[in-house]
1. Can you tell me which residues in region 95-128 are under 30 Å from Leu148 (Cα atoms), surrounded by fewer than 18 Cβ atoms within 10 Å (Cβ to Cβ) and not charged (D, E, K, R)?
2. If we keep just the residues of region 241-255 that are of a type in the set (Ser, Thr, Tyr) and at pLDDT 95 or above, which is farthest from Lys212 (Cα to Cα)?
3. Filter region 1-45 down to residues that are closer than 22 Å to Leu223 by Cβ and aliphatic (A, V, I, L, M) and give me whichever is modelled with the lowest pLDDT.
4. Out of curiosity, is Lys212 modelled with pLDDT of 95 or more and out of contact with any strand residue (DSSP E or B) (no Cβ under 8 Å at 6 or more places or on another chain)?
5. So, in region 95-119, how many residues would count as being farther than 30 Å from Tyr21 by Cβ and touching a residue at least 60 places away in the same chain (Cβ under 8 Å)?
6. Under the condition of being among the β-branched types (Val, Ile, Thr), within 29 Å of the chain's Cα centre (by Cα) and surrounded by 13 or more Cβ atoms within 10 Å (Cβ to Cβ), which residue from region 177-235 is farthest from Thr30 (Cα to Cα)?
7. Got a number for residues in region 36-53 being surrounded by 14 or more Cβ atoms within 10 Å (Cβ to Cβ) and in contact with a strand residue (DSSP E or B) (Cβ under 6 Å, 6 or more places away or on another chain)?
8. Out of Asp158, Asp152, which single residue is without any contact (Cβ under 8 Å) to a residue 40 or more places away in the chain and more than 34 Å from the chain's Cα centre (by Cα)?
Amino acid sequence: MPITYNREISTTLGAADTVTYTASNNGAATQNQMLAAEGDYAQPTLYLKMGFGSLTVENDLGLRLYGIPAYKLDGKAGSLPGVGYVTTVVNKNTDKNVRTAVWDSRFWLEDVITPSYNFSSENGKLAYSASAILPVTVGLSTHAMNILREDDVNPANDIDLKKFYTGSDLKLGVDAKINAGVKLQVLELLSVQGGIGLDLFSWQMIAASTKKVDLDAADQAKLTGFNTGLLVPHYVSGDTSVTNYNFGYANVDVAAGFTFNFKDKAALDMLFIYYTNPTLGGAIYRAVGDGIGKSEASVVLTLKF
């Protein structure tokens, strides 16, 4: 379960013995920033791998649970269920508080289905393996903007607007890859390897749409009043639809390395990848070589107990 956490909190001392607490996701202070921000979330992921001889099918399903720690009117810690910000102005003398929350109540789901077919063989000191891989990504995220203001000082300023902006983003992507490697056992303790990774193409479609929301006169007046003084006001969604396509051309990565084996108890791997693709070296190699530029080099020591 990956967790992304980038919360910002600020405290401001104001006039008349007031203290303002503000918490936000990724500095998302305006509506457009909230809709574009990654936000804070926990992402439970369900991974399934099935093998049918040389054919392997992997399925990686992820669901994001958004939220941000916030302040309630009574000063106790609460949470904001989405991407946005919450501001609480507390008056220490009168106990008259003003709490304002603006957030995108977001739903996010992504599934990656990866079928692959492998050819491999070993003949004496020579072994080789090749795989054709076709990851397919399907993703959906929905947005619903909300405003809540509870004003103990002037209850006439209270606002409770739910889903005044709604929209969704549908993502579909396909990648085609071929990876191949060869291994030569030069000595009992030493083997050398070479590999190539070919990204044949990548294609992605992102369809973004919003749905028209009609506010009654009272709610529209409250939204207009809330926007007073804001540089970038919050706005109601209309009927829109935009589809973007991205296409990536072929890319080739090459790799070479050698391995020392010490009586099956330890192994020392040295690897060099040029224009590396993470699928070639795997996560353990990628972390060591990050920052080198267009190539990566790694040294990995493995011990067996």
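The values are calculated or read from the model by the stated rules, or taken from the named source; none is laboratory data. Everything numeric here is computed off the predicted structure, so don't read it as measured data. Don't worry about glycine lacking a Cβ; one is built from the backbone with ideal geometry, like all the others, and counts go over all protein chains shown.
1. Phe107, Leu109
2. Step one: filter region 241-255 for residues of a type in the set (Ser, Thr, Tyr), giving 241, 243, 245, 249.
From what's left, at pLDDT 95 or above: 241, 243, 245.
Working: Ser241: 11, Thr243: 18, Tyr245: 24 Å.
Restricting to residues being of a type in the set (Ser, Thr, Tyr) and at pLDDT 95 or above, the top hit is Tyr245.
3. First, the residues of region 1-45 that are closer than 22 Å to Leu223 by Cβ: 22, 24-25, 28-37.
Now restrict to residues that are aliphatic (A, V, I, L, M): 28-29, 34-37.
Numbers: Ala28: 71, Ala29: 76, Met34: 89, Leu35: 91, Ala36: 90, Ala37: 89.
Within region 1-45, the match that is modelled with the lowest pLDDT is Ala28.
4. Values: modelled with pLDDT of 95 or more: yes; out of contact with any strand residue (DSSP E or B) (no Cβ under 8 Å at 6 or more places or on another chain): yes.
Criteria met by Lys212.
5. Just the residues of region 95-119 that are farther than 30 Å from Tyr21 by Cβ, to begin with: 109-119.
Subsequent filtering for residues that are touching a residue at least 60 places away in the same chain (Cβ under 8 Å) retains 110, 115-119.
Residues flagged as farther than 30 Å from Tyr21 by Cβ and touching a residue at least 60 places away in the same chain (Cβ under 8 Å) within region 95-119 amount to 6.
6. So the first thing to find is which residues in region 177-235 are among the β-branched types (Val, Ile, Thr), and the list is 178, 182, 186, 192, 196, 206, 210, 213, 224, 228, 232.
This time we only want the ones that are within 29 Å of the chain's Cα centre (by Cα), so: 178, 196, 206, 210, 213, 232.
Narrowing the set further to residues that are surrounded by 13 or more Cβ atoms within 10 Å (Cβ to Cβ) leaves 178, 196, 206, 210, 213.
Values: Ile178: 44, Ile196: 46, Ile206: 23, Thr210: 18, Val213: 19 Å.
Among them, the one singled out is Ile196.
7. Initially, region 36-53 is screened for residues surrounded by 14 or more Cβ atoms within 10 Å (Cβ to Cβ), giving 37-43.
Right, trim to in contact with a strand residue (DSSP E or B) (Cβ under 6 Å, 6 or more places away or on another chain) and you get 37, 39-43.
Final tally of qualifying residues: 6.
8. Asp158
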